[in-house]
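*Asks:* My structure is below; once you've seen it, I'll send some questions.
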Amino acid sequence: MDKITLPMFLLNATDDPLVPPSLVEIGIEYAKTHPNSILVETRHGGHLGFFESGILTPDPITWLDRSALQYAEAIVTLFVANSLPHLKLKAA
């Protein structure tokens, strides 16, 4: 992962039953040492879901979907403005 220069969005729910804290720590340390990354940790979300609404009839668009789209929109905005951190590093 150290060779990745594009901005990274790491998302984790603390109530994820499958991802142990030791594995989450890898993402936390990565985000601390890579300025082009962000780790978002929520209290709830489970594993691979972040579903909303009812259990039997969840919304087809999840919180995860909206978060990924908002992140992508921010990256595109920075790209158009020529302000992505990895572009600045290559130019230097």
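*Asks:* Report the full-extension gain for the segment Thr42 to Ile28: residue separation times 0.36 nm, less the Cα-Cα distance, to one decimal in nm. Before the final figure, lay out the partial values.
*Replies:* Details: separation 14, 0.36 × 14 = 5.04 nm, distance 1.31 nm.
Full extension from Thr42 to Ile28 adds 3.7 nm.
*Asks:* Let me ask something else. If DNA, RNA and ligands are ignored and the probe is 1.4 Å, what is the ranking of Met1, Met8 by accessible area, most exposed first?
*Replies:* Working: Met1 120, Met8 35 Å².
Greatest to least solvent exposure: Met1, Met8.
*Asks:* Classify the range 1-80 from the C-alpha gyration tensor, please: rounded if a/c falls under 1.5, else prolate or oblate depending on whether a/b exceeds b/c.
*Replies:* Values: a/c = 3.26, a/b = 1.28, b/c = 2.55.
Oblate shape, in that a/c is at least 1.5 and b/c is the bigger or equal ratio.
The values are calculated or read from the model by the stated rules, or taken from the named source; none is laboratory data. These numbers were taken from a predicted model, which means no experiment stands behind them. Areas reflect the complete protein model, heavy atoms only, side chains present, ligands, DNA and RNA absent. Shrake-Rupley method; radii C 1.70, N 1.55, O 1.52, S 1.80 Å.
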